[in-house]
Amino acid sequence: MKLKYFTPEDFKKTKSSVRRPTFTITKNALLVLNKELVAQLKVVEGDTVILGQDEKLQKDWFIGKSEVGFKLKKTTGDALGFSCKEFAELLRGQFPKIPPPIRVPVSPHQTENEGNIIYALLTKAND
């Protein structure tokens, strides 16, 4: 028998480890863009973001900077977010087995839809 042994050192994070852009839905209906997602979307406090759902593939969601949408406010650190109870409940419905906070990774690859540059929320990562 040949075993591969693990120690705690095998799992220590280094300072160079890169955090992924993430969209979080909190239990208090706060929707938060982490620092990496803020940078990816090139948004600042006061900007607005729009979220869209694919009408055919309803588990597919997208986020992007927009002229209209949810106005971003400072949350903690370099994160930005917005509150909308009804929208938070709609999104939480996509993840019925996961208790909040629900962290959804966001694709680093942009796409264009109806003139908007958008990024996919990787909802399947939470299945």
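The values are calculated or read from the model by the stated rules, or taken from the named source; none is laboratory data. These numbers come from a predicted model, not from an experiment. Cβ placement follows ideal geometry from the backbone for every residue including glycine, while neighbour counts extend to all protein chains displayed.
Among the criteria (1) farther than 21 Å from Arg19 by Cα; (2) in a loop (DSSP other than H, G, I, E, B), the one Thr111 does not fulfil is (2).
Conditions (1) of a type in the set (Val, Ile, Thr); (2) under 16 Å from Arg20 (Cβ atoms); (3) in contact with a Ser or Thr (Cβ under 6 Å, 6 or more places away or on another chain), marked per residue:
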residue	(1), (2), (3)
Gln40	no, yes, no
Val44	yes, no, no
Leu72	no, no, no
Thr76	yes, no, no
Leu91	no, no, no
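Can you find even one residue in the range 32-42 that is in contact (Cβ under 8 Å) with a residue 12 or more places away in the chain, exposed (fewer than 12 other Cβ atoms within 10 Å of the Cβ) and outside any loop (DSSP other than H, G, I, E, B)? No.
Annotation: of all residues in the range 27-65 being polar (S, T, N, Q) and modelled with pLDDT of 95 or more, the one that is nearest to Leu80 (Cα to Cα) is Asn34.
When Gly52, Gly46, Gly64, Gly81 are checked against the criterion of being assigned to a loop (DSSP other than H, G, I, E, B) and of a type in the set (Gly, Ala, Ser), Gly46 stands alone in meeting it. One residue stands out among those in the range 97-127 that are of a type in the set (A, V, I, L, M) and closer than 18 Å to Thr48 by Cα: the one that is surrounded by the fewest Cβ atoms within 10 Å (Cβ to Cβ), which is Ile117. Take the conditions (1) in a loop (DSSP other than H, G, I, E, B); (2) surrounded by fewer than 12 Cβ atoms within 10 Å (Cβ to Cβ); (3) not basic (Lys, Arg); Glu86 misses just one of them, which is (1). Return a yes/no flag: does the range 44-51 have any residue that is buried (at least 19 other Cβ atoms within 10 Å of the Cβ) and within 16 Å of Gly115 (Cα to Cα). Within the range 44-51 (the criterion being buried (at least 19 other Cβ atoms within 10 Å of the Cβ) and within 16 Å of Gly115 (Cα to Cα)), the answer is yes, since at least one residue qualifies.
Taking Glu67, is it under 21 Å from Glu114 (Cβ atoms) and touching a strand residue (DSSP E or B) at 6+ places or on another chain (Cβ under 8 Å)? Spelling it out, Glu67 is indeed under 21 Å from Glu114 (Cβ atoms) and touching a strand residue (DSSP E or B) at 6+ places or on another chain (Cβ under 8 Å).
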